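A short reminder: the numbers here are calculations on the coordinates, not readings from a lab. These numbers come from a predicted model, not from an experiment. Cβ placement follows ideal geometry from the backbone for every residue including glycine, while neighbour counts extend to all protein chains displayed.
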Amino acid sequence: MEYIILISGFLLVLIGLWGILSQKNLIKIILGFTVFNTGINIVMVTVGYVKGKTAPILDVISPEEALTSIVDPVPQALVLTAIVIGLGVTALMLVYALKLYQDKKTLDINNFKDLKW
Amino acid sequence: MVAPIYIIAVALGLAFLLGLLKSSSTNLGSLLMLAGLAFIAFVSGQWLYEFLINGRATEMIFTAGFKPPFSINLRMGMQEALLTTMINAAGLLSGLYLIDTLKKTGINSMTVLLVFVMSLNVIVMTRDIFNLFVFLEISSIATAGLVLLSSKGNAFQAGMKYLIATGIISGLFLIGIIFSYLYAGSLNIDELNAAHIMDIKGGAIAIFIIYVSVILELKPFPANGWGIDVYTAAKPGFSALISSGTATAGLYVAYKLLPLGGETWLPYFTIIGAITFIGSNLMGTRQQNPNRLLGYSSISQVGLLLMILGLSNQLGDNTLFIAFSILISHYAAKAGLFWLSGIVKSQNLEGWAVLRKQPFMLFLFGTFIFALIGFPPFPSFFGKWQLIMELATQENYLWMTLILTGSFIEAIYLFKWLGFAIKLDVPSNIVMKFEWNKYLPVYLMALTLYVIGFYVSPMVEGGAFINYIPLLFVLALFALDFLPVFVKNTISIAGIIYYMVDLFSQLENDLMRQIFAVIFLGGAVLTLMAGYNKKGTRAGFYPMALMMFAGLTGIIEANSMLEFFFSWEIMTAGSYFLIIRGKRSMPHGYSYMLFSIGGAYALLFGFALAYASGLDTTIAALGHITQLTTLAYTLLAVGFMTKTASLGLHIWLPGAHGEAESDVSPMVSAILLKAGVFGLMLLFLYMGTGTEGGDKLLYVLGWVGALTTLVGNLGAVFQEDAKRLLAYSSIGQLGYILFAVSIMTQLGWLAGFTYTINHFMFKAILFLVIGGIVVKLGTHNMYEMGGMIKKMPFSFIAVLISIIVIGGIPPLSGFAGKWLFYHAIIQKGWYFQGAVIFFAGIIAFLYLFKLIHSVFLGQLKDNHRNMKEISPWILIPSYLLIIGIMIFSAFPQKILQPIGEMLSVYFPESLHWEGTKAYTSLGYWDGTTIMIVVMTAFILLLGWLVLMSKKIKKVEQFNIVYAAERPFRPETTHVSYNIYAGYKKAVGFLVTPVVEIFWDSMSALLFDFAGWLRRIYSGNMQNYALHVVLFIVVFYLIALGGL
Amino acid sequence: MIKKLLIVGLLTGLAFMFYGLLISYNGNETLTGLGSYYAQNGAREVGAANLVSAIVVTYRGLDTLGEVTILFLAAAIIGFVLKLKKDEVVEARPVRETSELLTSASQVIVPVIFLVGVYIFINGHLTPGGGFQGGAVIASGVLLMLLANPTMHISHNIVATIESISGIAFVAIGILGIVLAGGFLDNRLLPLGEFGTLLSAGAIPLIYIFIGLKVGAELSNIIGTISYNQNEKPN
């Protein structure tokens, strides 16, 4: 099970990168980013998975049996942080794209080559 | 003591507080921001002080009340304190610098700046890898935001490029973190480092991903277009902070994580660092925009530092010292340059000439450039020295070569830029406005460079003995630069005389050094005397001249190779500024500098091999080179020969000497060239004869010397420019000296010394007098002169005597040189070379005749009818030198005998003296007697002529009828114009500038290559993302993919 | 086309790398390392039933502070990027009439959404959720309001004040942790209370309230600024 999820996580990473590297439209590129980030988050969560165990919330599980019944909470905590960071970056990218569009009236990535060499 | 955690707490608290302010209260906001930046700078500075002064132990800061690895911890040790202090100082100064921009942009931007600086602190201090990730992200986002302080439209593009690239990098970084967590069970960097997860396949890949992310954050060539664009687009005030702060923090991250993968990964750091160092510098050569140029230079320096980290297992305990001294130079110089760029506000390098309106800023600009290249007394000099020494000890010649090559390429563009600033016309459309908040940071960074340089110098072996007193004198002259020439000249001369007296007491038993001390310092006094005829303040001249002389003194005084090299570089810097003062000297100063730096690196390489042979730091180590002996001697010889302008390395000289100011020419020609001679003599004495490689080298150098003479003399013959003629003549004379000392016998060296002393005296006279005439007549062209003998009789006599010396005509001392020389050649059996030299000697007569004839004889030009003799301030030193020549000619044994005795320690005696007679196996010569005979004859003839002169009928100049019309080109009427056209037909092919063509095509090749290479920076952000991925994949396939 | 092939090649290379990670991954049979420590001691030391919250807010509180900072930065940057010049008068852009359904429903649902958001961050130490999740939910309420009334102007001052005060409070609690408990961001400056109840886990609920408010305000701020900036100048 966890293999399938891990593989799909990696696949999402690659798909996201494909989007970033091949799409010409800035918005699509940013979408590629979110796919890329999602893939990474999935990979992270999967790495913390322990076979047959449940979420690390001790509501029905008592703290004493926690060790034997929950998955690793650390990657989940990290993913939480990573998601928020991804959100912040995505928001920024969108605003930059907006400004770039306002500047050149286009979203085609090939039009933003003022700086080179 | 304020706990380091308050760096985070206070900065963030203030940042949030700023959000409460009304958008109009930008003044209060900026005050709060500066207070915050000042506070964190204070905290880190306070810790630095504790570590430095009180030797406090490293402090761990635990958060959340739990011990690591369960909670995040920070570390504050010596290294962290140092780096955070650097970062915070740069942050505070950037805040101050940008204050107007920030106020205009609004309080939000102040918040971002504050948070940015704070995040760099955490990046340095944190010991948790995920925490590192979080704060790296903060710094990336803040960077992408602060780029927008620039109102230029391309800032958004740069920001977007940056976001995309760092987005990919940080995403992958997360994968690396999570898998290293999987295998190591911890996020704590210290635990990860100790976990050795390299042995697991997945662990190795995780480490790879972490490394590649960390390296990519450092913007390695060529996957760094996104980083360069940020440097280019951002306000220079902020680029300064990226260059100094972000790079510092990023490098420390790499350093922190080095143990993670262990030694197997180090070579990759080195290779990537080297590629970045050289690649970025290549790109730099093609830049016209100062900010972009600085961006490439920044990245190249980071590459160099990455290399040093990669070599840390070989550099051992010295790694941190080397890295720090190079880092701090880069830090201060780059911040200073970016800030300057914000003051100059020019979009092209040429506009920097505006700095000349504010000479002090120009001085700071020079300071930064020299610090970047690694000149003394800046920290990078010591760092580079130590680096090269250590690498040589480890026999890492490839890396040494690459580092020196990269540094050289960096010098190519930085000195071009400096030359522009010093020489180009001041643009009228650029105005530099004094704003204290922009100028102060620049001042402070320059001050940092000097202070830290002084502070680190004793940390290098042999560095504690560096004599700073001459440099302090130079500094004092800087401070007195506003005084009139007369005062400064007197102070300089007095200072030099005082120092010379002092120096002689130290050199009691060292005749060779005494001779060179007289040439350097005595020459300094005489040539400076000519300066009395200048008016005004002559801004900048005295510090630079004295700097050159300080360097020259230093190479005499030096006991260790470090001291020698230190002084050598000081001398180079001083002479560069002197040379470039000439009106049309920009290209010549530039090529002089490039040859000098190339030569200096050859020397450095040679010294390193000497050091590595026995871990001996004294100059005596040159005598026991066991590592790559032949190469070492060759490099050292080549290094010195760049200063003696030997064939192949001579092309800088004619322009540099010919175009220099009238009293600078004698300094650089009569005096400075002897530094190379001194170096060669020193080298040969230590090298000795009998070693196989050494003897081959000497044989080759003999030929080089002979051919240099030929080419130099031929070059002089076809010159129409009086000073260039003299310059070519110097090349020729130095060729004689090189040839003579390469013979490596007592006679050869005696000839070498005689030539050295003679050349010093006659070339000083010639350049002084001819230089004075050139200034007086306002032209360099000899065909525009003529008939000066009546107007300037004293000049004529001075030149005449000099020419007799050069020609080697008895009774003057030139004959002594020739006599010794040919005896030495015959004794040695170098007949073919001897023939070349002999041929060249005949040619010398041609240019000497041309010189004296076309200037002093022939027809007086109409516009020179009212000319007077040149200034007595030029004639006095010249005649003092003539007295010297006369004494040397009349009593050669007084000088040559002691030299011979000194040399007999090294060489078998091949000449002995009986009274005033010198004997060799081939015959004898008596200078004194010849002098008496010739003088008697001369006086008799003169008397007879005077008696007969009544019968002479003087022909006035216009006592003839000019036929035909005035020719269109006046020079064609001058008898000496193209006087040797016939010879040119016969031997002109010999003066084809083969060497110039060679060097020109080399540089063209370099520029073309850089131009071709930089097409990867297409400007397309998607391509830049592609480069990042490509970098990762290629690196992976090489490192772990079994490729 | 060549570029596409190059990209495919590169992604294959990356896939090759991921494959390496995949084959050496065996799945975890038992909880080890850091995770086991938190499982065993988290409840006792921090007192939060939601162990992820315990880690996010306390053990790795510095990360969370950083995370808040990132959103804050993003909002601040967007703030000065999209800032209009003072004299620039923005005319309301022509917008399509929003549907009756959307406007009416939003009036009903938005308060509920806000309530849910608050619930999520207040209970963050007990149930799945926390400050970010709650804040995001609140911001979605604001988004709905904007959709219903595109010309609505979100008061920047209010939002910024909430944002700043919660931020300052977060930092202040962190510093109090140094003074009253074991270190920066230590949640034990308040009593841990009874495990599993609302008033437990020391300062975690308090921190989560501020994070929730802050995230809600920041995201609303971002949305609002972008929406406001859509009012383009007529060319």
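Which of B:Ile852, B:Ile207, C:Ile158 comes first, and how do the rest follow, when ranked by fewest Cβ neighbours within 10 Å?
C:Ile158, B:Ile852, B:Ile207
Multiply the residue separation of B:Val987 and B:Leu800 by 0.36 nm, subtract the distance between their alpha-carbon atoms, and state the gained length in nm to one decimal.
Extra length available between B:Val987 and B:Leu800 comes to 64.6 nm.
List the lysines whose Cα sits under 29 Å from the Cα of B:Lys894, skipping any in the same chain fewer than 8 residues away.
In chain and number order, the partners are B:Lys674, B:Lys763, B:Lys818, B:Lys828, B:Lys917.
Take every DSSP beta bridge whose two residues both sit in the protein assembly as shown, then give the antiparallel share in percent to the nearest 5.
Of all bridge pairs located within the protein assembly as shown, approximately 85 percent are antiparallel.
In Å and whole numbers, how far do the C-alpha atoms of region B:217-364 stretch along each principal axis, longest first?
Projected onto the principal axes, the Cα atoms of region B:217-364 cover 52, 29, 22 Å.
Compare the Cα positions of B:Phe684, B:Gly614, B:Leu880 along the charge dipole of region B:463-942 (+1 at Cβ of Lys, Arg; -1 at Cβ of Asp, Glu; about the Cα centre) and return the one farthest towards the positive end.
B:Leu880
Can you give the angle from 0 to 90° between the axis of helix B:1021-1039 and the longest principal axis of chain B, with both taken from C-alpha atoms, to the nearest 10?
Between the helix axis and the principal axis of chain B, the angle is about 90 degrees.
Compute the long axis of helix B:692-717 from its Cα atoms, compare it with the longest principal axis of the Cα atoms of chain B, and write down the angle in degrees, 0 to 90, nearest 10.
Approximately 60 degrees, to the nearest 10.
Give me the one-decimal nm value for the distance between modelled label points at B:Lys201 and B:Met886, 7 Å along each residue's Cα-to-Cβ direction.
9.4 nm
Indicate the gyration tensor shape class of region B:533-656 (rounded, prolate or oblate), computed on the Cα atoms with a ≥ b ≥ c the square roots of the eigenvalues: a/c under 1.5 is rounded; otherwise a/b larger than b/c is prolate and the rest oblate.
oblate
Sequence-distant or interchain residues sharing an amide H contact under 5 Å with B:Thr618, placed H: which?
Here the answer is B:Met561, since their amide H atoms fall under 5 Å of that of B:Thr618.
If Lys and Arg each add +1 and Asp and Glu each add -1, what is the summed charge of the other residues whose beta carbon sits under 15 Å from the beta carbon of B:Leu102?
+3
Going Cα to Cα from B:Lys152, which aspartates and glutamates come in below 15 Å? Please leave out same-chain ones fewer than 8 positions away.
A:Asp103, A:Asp114, B:Asp229
Rounded to the nearest 500, what is the protein assembly as shown's calculated 222 nm mean residue ellipticity when only DSSP H runs of at least 4 contribute -39500 (n - 2.57) each, over all residues?
-23000 deg cm²/dmol
Fewest first, what order do B:Ile770, B:Ile651, A:Ile27 take by the number of other Cβ atoms within 10 Å?
Fewest to most other Cβ atoms nearby, the residues stand as A:Ile27, B:Ile651, B:Ile770.
Cut-off under 30 Å on the C-alpha distance; same-chain residues fewer than 8 positions from A:Lys51 excluded. Which lysines are left, in chain and number order?
B:Lys67, B:Lys201
What is the Cα radius of gyration of region C:1-143 over 2.2 N^0.38 Å, N being its residue count?
Normalised Cα radius of gyration, region C:1-143: 1.61.
What pairs in B:Lys534/B:Lys790; B:Lys104/B:Lys433; A:Lys99/B:Lys433; B:Lys423/B:Lys776; A:Lys104/B:Lys345; B:Lys104/B:Lys345 have C-alpha atoms more than 21 Å from each other?
B:Lys534/B:Lys790; A:Lys99/B:Lys433; B:Lys423/B:Lys776; A:Lys104/B:Lys345
Normalise the Debye intensity by I(0) for the protein assembly as shown, one equal point scatterer per Cα, no solvent, then take log10 at q = 0.07, 0.08 Å⁻¹ and round to two decimals.
So the normalised log intensities work out to -0.79, -0.95.
Arranged by the count of other C-beta atoms within 10 angstrom, fewest first, what order do B:Arg292, B:Arg286, C:Arg96, B:Arg1015 take?
Going from least to most buried by this count: C:Arg96, B:Arg1015, B:Arg286, B:Arg292.
Place a label point 7 angstrom from the Cα of B:Ala3 along the Cα-to-Cβ direction, then list the residues of region B:36-64 whose backbone nitrogen is under 12 Å away.
B:60-64
Say R0 is 60 Å: what FRET efficiency, to the nearest 0.05, do B:Tyr49 and B:Met948 get from their beta-carbon distance?
0.10
Below 8 Å, C-alpha to C-alpha, sequence gap of six or more: please give me the relative contact order for region A:51-117 in percent.
Computed value for region A:51-117: 20 percent relative contact order.
According to the Cα gyration tensor, what semi-axes, each the square root of 5 times an eigenvalue, does the equivalent ellipsoid of chain A have, listed from largest to smallest in whole Å?
Taking √(5λ) for each Cα gyration eigenvalue gives 39, 15, 9 Å.
Would region B:463-942 count as rounded, prolate or oblate if I go by the C-alpha gyration tensor, calling it rounded below 1.5 in a/c and otherwise prolate when a/b exceeds b/c, oblate otherwise?
oblate
At a Förster distance of 35 Å, what's the computed FRET efficiency of B:Lys433 paired with B:Asn467, Cβ-Cβ distance as r, to 0.05?
Efficiency for this residue pair is about 0.30.
Pull up all non-local amide H partners of C:Asn50: gap of 5 or more, or a different chain, and H-to-H distance under 5 Å with H placed in the peptide plane.
A:Leu58, C:Leu126
Could you grab the Rg to Rh ratio for chain B? Cα atoms only, Kirkwood for Rh.
1.03
Among residues other than B:Ile496 whose Cβ falls under 15 Å from its Cβ, what is the net charge (Lys/Arg +1, Asp/Glu -1)?
-2
Please list B:796-805, B:174-183, C:69-78 highest first by mean number of surrounding beta-carbon atoms within 10 Å per residue.
C:69-78, B:174-183, B:796-805
When the Cα atoms of region B:1-129 are enclosed in a convex hull and the volume is divided per residue, what value in Å³ results?
Roughly 99 Å³ of hull volume per residue.
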